[in-house]
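Asker: Shown below is the structure under consideration.
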Amino acid sequence: MNSIRPTPVEQPSGGIGRIEPLLLPRLDGLYSRRAARLRTLAEGHAMADYLHFAARIADAQHQLLKRAPLPDAANAVLDDQAPLDALALPRDRYWQQLLHGLVDTLLADATPRVRAVLEGLREASSAQLETLADALLAGRHAEVGSDRALFIWSALSLYWTQRAARLPLHASAGPGGQRQLCPVCAQSPAVSVIIDGLRYLQCGLCESRWHLVRATCSNCEQTGKLDYWSLDSKEATIKAESCGDCDSYLKVLYLDRDRQLEAIADDLASLALDAEVERQGFSRSGLNPFLLPG
Ligand SMILES: [Zn+2]
Ligand SMILES: [Zn+2]
């Protein structure tokens with residue numbers, strides 16, 4: 001059970017000082033900022049082509065948000081534990097409309113290889129797409145394959161992020177408990193971010209952020225064997241927090257130190273750090289939406 005419990009907005013949050021335990025996503029500028037940051041990071045980068053490609057996906061998400069926003073009717077939630085639990089929430093067909101919108105937009109300037117993937121998705125039946133989405137959300141990436149997963153996840157994330165942004169909730173935090181999973185949709189965090197000196201985990205699906213005290217493993221909540229890795233200096237704005245208890249790591253992005261950082265974009269552009277930490281025997285616990293396994 002997650003110890004950050006979203007509760008109806010009428011209820012008092014109850015005595016945890018000034019720390020906001022849950023920050024719901026703000027749609028305004030989310031995808032346009034990400035696209036712009038990906039393009040900035042692409043300059044002179046070894047992965048420039050892929051960063052530009054990711055920017056085009058973020059652009060397409062931005063356009064869809066304007067052109068085909070979530071219908072007002074889609075507001076039903078589950079109970080107050082993970083109200084948008086990705087494995088339990090009945091999905092509105094609207095998410096497939098988003099996927100088709102993404103496919104149509106990206107087909108315009110797709111390479112032959114990407115075109116083949118996109119056309120495969122366009123021809124898939126509605127039932128096939130639901131099966132793929134179920135597999136992806138349950139972490140069965142091999143059943144989907146990373147090529148298709150990228151586009152399906154981008155559509156699902158756009159759906160869940162809009163749902164999360166509209167939740168009439170705030171959250172209260174209980175002591176202790178497990179906080180590895182998003183209190184809104186129960187998926188894994190993509191990265192950690194430091195905001196106003198506080199550490200939040202950022203959901204890789206619905207983009208909500210939830211508080212977890214610093215110097216605690218985001219995967220197993222142990223505190224004894226943490227190390228911090230960076231490629232340049234102690235003052236680096238991107239570090240990897242590794243845990244010798246569970247042999248995992250998650251990146252930490254210091255948004256406080258560099259306001260230009262964008263969590264998903266900068267995580268993707270700093271894979272050289274992942275390679276170093278993985279060489280030390282740690283495996284990544286967070287999933288970047290642009291870098292799904294399978
Ligand atoms: Zn989430
Ligand atoms: Zn751990």
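The values are calculated or read from the model by the stated rules, or taken from the named source; none is laboratory data. The shown structure was predicted, so the numbers you read here are calculated from the model rather than taken from an experiment. Cβ: placed from backbone, ideal geometry, glycine included. Neighbour counts: every protein chain shown.
Asker: Search region 199-209 for residues being away from ligand 2 (no atom under 16 Å from the Cβ) and hydrophobic (A, V, I, L, M, F, W, C), and hand back the single one that is nearest to Val252 (Cα to Cα).
Answerer: Within region 199-209, the match that is nearest to Val252 (Cα to Cα) is Cys203.
Asker: Kindly list the number of the only condition in (1) free of Cβ contacts under 8 Å to residues at least 40 places away in the same chain; (2) basic (Lys, Arg); (3) within 16 Å of ligand 1 (Cβ to nearest atom) that fails for Arg179.
Answerer: Tallying (1) free of Cβ contacts under 8 Å to residues at least 40 places away in the same chain; (2) basic (Lys, Arg); (3) within 16 Å of ligand 1 (Cβ to nearest atom), Arg179 fails exactly one: (1).
Matching residues to (1) over 25 Å from Arg33 (Cβ atoms); (2) free of Cβ contacts under 8 Å to residues at least 40 places away in the same chain; (3) part of a loop (DSSP other than H, G, I, E, B); (4) not assigned by TED's automatic domain parsing to the domain that holds Arg56:
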residue	(1), (2), (3), (4)
Lys239	no, yes, no, yes
Ser242	yes, no, no, yes
Asp245	yes, yes, yes, yes
Leu250	no, no, no, yes
Leu255	no, no, yes, yes
Ala265	no, no, no, yes
Ala272	no, no, no, yes
Val277	yes, no, no, yes
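Asker: On the basis of being farther than 23 Å from Arg56 by Cα and either aromatic (Phe, Trp, Tyr) or modelled with pLDDT of 95 or more (or both), does Ala116 make the cut?
Answerer: Answer is no for this residue.
Asker: Can you give me the ranges of the strands (runs of 3 or more DSSP E) entirely in region 182-228 with at least 2 residues that are crowded, with 20+ Cβ neighbours inside 10 Å and of a type in the set (Val, Ile, Thr)?
Answerer: By residue number, 189-195.
Asker: Now for a different question. Please count how many residues of region 210-247 are under 16 Å from Arg284 (Cα atoms) and away from ligand 2 (no atom under 12 Å from the Cβ).
Answerer: 6
Asker: Let me ask you something else. Can you confirm whether region 182-198 contains a residue that is more than 19 Å from Phe290 (Cα to Cα), within 16 Å of ligand 2 (Cβ to nearest atom), touching a strand residue (DSSP E or B) at 6+ places or on another chain (Cβ under 7 Å) and in the same structural domain as Ala236 (by TED's automatic domain parsing)?
Answerer: No, region 182-198 contains no residue that is more than 19 Å from Phe290 (Cα to Cα), within 16 Å of ligand 2 (Cβ to nearest atom), touching a strand residue (DSSP E or B) at 6+ places or on another chain (Cβ under 7 Å) and in the same structural domain as Ala236 (by TED's automatic domain parsing).
Asker: Any idea which of Ser208, Ser242, Ser248 is at negative phi and either within 16 Å of ligand 1 (Cβ to nearest atom) or among the aliphatic types (A, V, I, L, M) (or both)?
Answerer: After applying the criteria, what remains is Ser208.
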